[in-house]
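Q: Could you have a look at this structure, given as structure tokens, before my questions?
The values are calculated or read from the model by the stated rules, or taken from the named source; none is laboratory data. These numbers come from a predicted model, not from an experiment. Don't worry about glycine lacking a Cβ; one is built from the backbone with ideal geometry, like all the others, and counts go over all protein chains shown. Heavy atoms of the whole protein, side chains included, go into the accessibility calculation; ligands, DNA and RNA do not. Shrake-Rupley method; radii C 1.70, N 1.55, O 1.52, S 1.80 Å.
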Protein chains: 2
Amino acid sequence: MTHVYFDHNATTVLDSQVMQAMLPFMAAQQGNATSRHAYGRTARDAIEQARAQIASAVGAHPSQVVLTSSGTEANNFAINGMTAKQPNTQIAISAIEHPCVMRPAEMLQSHGFKLAKVDVNAQCKLDFENLESVLRNPTSLVSVMLANNETGAIQEIAHVAELAKKNGAYTHTDAVQAFGKIPVNFADLNVNAMTISSHKIHGPLGAGALILDKRVDMTPFMLGGGQEKGLRSGTENVAAIVGFGIASELAVKNLTSHAQKTQQLRTQLEAGLHELGATIFAENTKRLPNTSFFGFNNVEGETLVMALDKKGFAVASGSACSSDSTEPSHVLLAMGIAPDLARGAIRVSLDANNTSEQVNQFLLVLKQVLNQLKQMVAMAA
Amino acid sequence: MTHVYFDHNATTVLDSQVMQAMLPFMAAQQGNATSRHAYGRTARDAIEQARAQIASAVGAHPSQVVLTSSGTEANNFAINGMTAKQPNTQIAISAIEHPCVMRPAEMLQSHGFKLAKVDVNAQCKLDFENLESVLRNPTSLVSVMLANNETGAIQEIAHVAELAKKNGAYTHTDAVQAFGKIPVNFADLNVNAMTISSHKIHGPLGAGALILDKRVDMTPFMLGGGQEKGLRSGTENVAAIVGFGIASELAVKNLTSHAQKTQQLRTQLEAGLHELGATIFAENTKRLPNTSFFGFNNVEGETLVMALDKKGFAVASGSACSSDSTEPSHVLLAMGIAPDLARGAIRVSLDANNTSEQVNQFLLVLKQVLNQLKQMVAMAA
């Protein structure tokens, strides 16, 4: 059976160059990077080199890179850390944020914050009128993701930041899905903080970063030995950080060719999907080149994912991080998609290592599976 | 030049068997463990196998293992998570806790908690009379480390837990330094939560765990996709968790032989240290077999660490995690050691891969270095 991985927004394979760069830091005695002896200094130097690579890849200064264990951690850190010392008690997020922004923001409500969820339209684009209206209340933080993990829709973050700044609020953007797929430049986005993650760009699991404007009066996320200038304590995961550095470099180097390749494959995919009668979500907005989120009426997304898996194709229903849940995607509901269609949504997220042949096979198998499901429904009726 | 690593309480080398177990999860496409397709299920199975290995190694049930990115994270999680829903507003910790317990506990003071630091005696043993006195105030959480990272002193945690329970408080123990060096059994310790870390037991960086009694009404540490039963969101670091599982198994398998070997080396080391006039801290208490913390009058610990490093020996001054600081060790100050002697403290932490020859060489080099430093002091006088 073929095994085709079409779930690159969930996680990617480790690049072999990245792995080669990591291995020396796994194979021999390493120091704790806080230690002052030669072993410790070697680890420290490797971390600082990776920090510079990461910074360079996203248009930031190395001193703006706060290393974390993941994108989830960086998002939790941003939401909690950027609000704790602010006088204003409203936070504003888009209605389509990843749960690791949404849930910490919701939790702040029990600490006296008011949470405003800014609307998106049917094409998954932020409603700027709604944002402006929300910002009439004094706001400490606005957090809007650069690209959505499910639909791939890309937001005008520099505009969000401009409005937030005018109203005295900080801006954070979750750029986890954007980084490596479209150009991401911290300075151009004009935000105060930005989250990125290693394992979405062919780097290792276990590394992420919050790119942080040093003027933000931030509370630390983990306390202890005082690593990351006291903002994020804990012994640094040297091999993962080294891998994240190399992966960041490669992400920038390969950006254009990978975007072209995945966009071609997606065009091929979506032509076939249209023939099969699919609704493609956020189709008419600026999207990540690799992402296609679609659904069929009267077909359960979960059922489709399992049926495709049996045929050797790995795709997602909604975001992987919420696929334990059977609720329809909150992103689609925010876009005003009917719950029945939303429940049928599945996501294909491509990578440059996928092929046109795989897409063709997928379309054939999808057609078979859909016919089988329709027959089952007809028999049950 | 020889390069001898005597800083195993800071971090250890990755065991080659552990690395071999990790490599398959780095070399090929892996799924996000939350994904429902075959790639995701393979990752999930690997995580659950590792969870069972970790649980078995510390006398816990797999369902009690909450995976984190590090010991620091698990300690922050315990201190914050175990107190948030408790009615009592005092927390009690020992005066010798690692900063990743001490600092979160201190931070809770700004959230209305009263912090009691329980004394230790000159041999680094917890003062139970002081603990009993502290517990007369209604207390939500008592956190005392099983073995101290600097002196290696081992505390009677089951007794701490007994007193805490009698007074309606939860008990947490930081067992990061104990695990792999002495037997650690969650059930026998009778605590509600216990922290362990992978990279201290020849496992990879990037993995730790809070072993947690499920009856504790706990607040989550990171919010998002709902991993780890909602207590710790974030895509699981599969390779690191797999490594932690194997390392935990090996830690138990090798415990007795490693303890015997390091204890022999330490006996040899300390005989030589006595000849050189060293004060060995907590010498007359039950200590980890591999740890020797000592000082010389009128010698700066930092200076000694740097001089020994130049001669090829990696040792620590106080804990690695606080070695950016030039303050004397808070552990030694809590023991009543004079600040001048405390400032001169250095730590040798051995491993079974160290040799008797290395210890001999170290003692020779230490003698030379001490003589040089004395001459410099004499010339400056």
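Q: Do we have A:Arg44 as open to solvent by 30 Å² or more (accessible area, probe 1.4 Å), assigned to a helix (DSSP H, G or I) and in the same structural domain as A:Pro204 (by TED's automatic domain parsing) here?
A: yes
Q: Which members of region A:6-16 meet the condition of being open to solvent by 10 Å² or more (accessible area, probe 1.4 Å) and either touching a helix residue (DSSP H, G or I) at 6+ places or on another chain (Cβ under 6 Å) or assigned to a loop (DSSP other than H, G, I, E, B) (or both)?
A: Matches in region A:6-16: A:Thr12, A:Val13, A:Leu14, A:Asp15.
Q: Mind telling me which of the residues B:Ala52, B:Ala27 ends up being over 20 Å from A:Lys311 (Cβ atoms), at pLDDT below 95 and in the same structural domain as B:Gly234 (by TED's automatic domain parsing)?
A: From the options B:Ala52, B:Ala27, the qualifying one is B:Ala27.
Q: Then there's this: Which residue, of B:Ala21, B:Ala78, is assigned by TED's automatic domain parsing to the domain that holds B:Ala122, touching a strand residue (DSSP E or B) at 6+ places or on another chain (Cβ under 6 Å) and open to solvent by less than 30 Å² (accessible area, probe 1.4 Å)?
A: Of the residues listed, the single one that is assigned by TED's automatic domain parsing to the domain that holds B:Ala122, touching a strand residue (DSSP E or B) at 6+ places or on another chain (Cβ under 6 Å) and open to solvent by less than 30 Å² (accessible area, probe 1.4 Å) is B:Ala78.
Q: Name the residues in region A:343-381 that are touching a helix residue (DSSP H, G or I) at 6+ places or on another chain (Cβ under 6 Å) and more than 18 Å from A:Leu308 (Cα to Cα), would you?
A: Answer for region A:343-381, where residues must be touching a helix residue (DSSP H, G or I) at 6+ places or on another chain (Cβ under 6 Å) and more than 18 Å from A:Leu308 (Cα to Cα): just A:Ala352.
Q: Quick one: A:Ala52 ticks every box in (1) open to solvent by less than 30 Å² (accessible area, probe 1.4 Å); (2) more than 14 Å from chain B (Cβ to nearest Cβ); (3) hydrophobic (A, V, I, L, M, F, W, C) bar one, so which box is it?
A: Evaluating A:Ala52 over (1) open to solvent by less than 30 Å² (accessible area, probe 1.4 Å); (2) more than 14 Å from chain B (Cβ to nearest Cβ); (3) hydrophobic (A, V, I, L, M, F, W, C) leaves (1) as the failure.
Q: Only residues that are within 11 Å of another protein chain (Cβ to nearest Cβ) and surrounded by fewer than 16 Cβ atoms within 10 Å (Cβ to Cβ): list them for region B:24-41, please.
A: Answer for region B:24-41, where residues must be within 11 Å of another protein chain (Cβ to nearest Cβ) and surrounded by fewer than 16 Cβ atoms within 10 Å (Cβ to Cβ): B:Ala27, B:Ala28, B:Arg41.
Q: Give just the number: which of (1) at the interface with chain A (Cβ under 8 Å from one of its Cβ atoms); (2) without any contact (Cβ under 8 Å) to a residue 60 or more places away in the chain does B:Gln90 not satisfy?
A: (1)
Q: So, in region A:343-379, of the ones that are modelled with pLDDT under 95 and in contact with an Asp or Glu (Cβ under 7 Å, 6 or more places away or on another chain), which residue ends up surrounded by the fewest Cβ atoms within 10 Å (Cβ to Cβ)?
A: Only one residue fits best here, namely A:Arg343.
Q: Counting only residues that are more than 14 Å from every other protein chain (Cβ to nearest Cβ) and free of Cβ contacts under 8 Å to residues at least 60 places away in the same chain, which one in region A:217-263 is most open to solvent (accessible area, probe 1.4 Å)?
A: This residue is A:Lys253.
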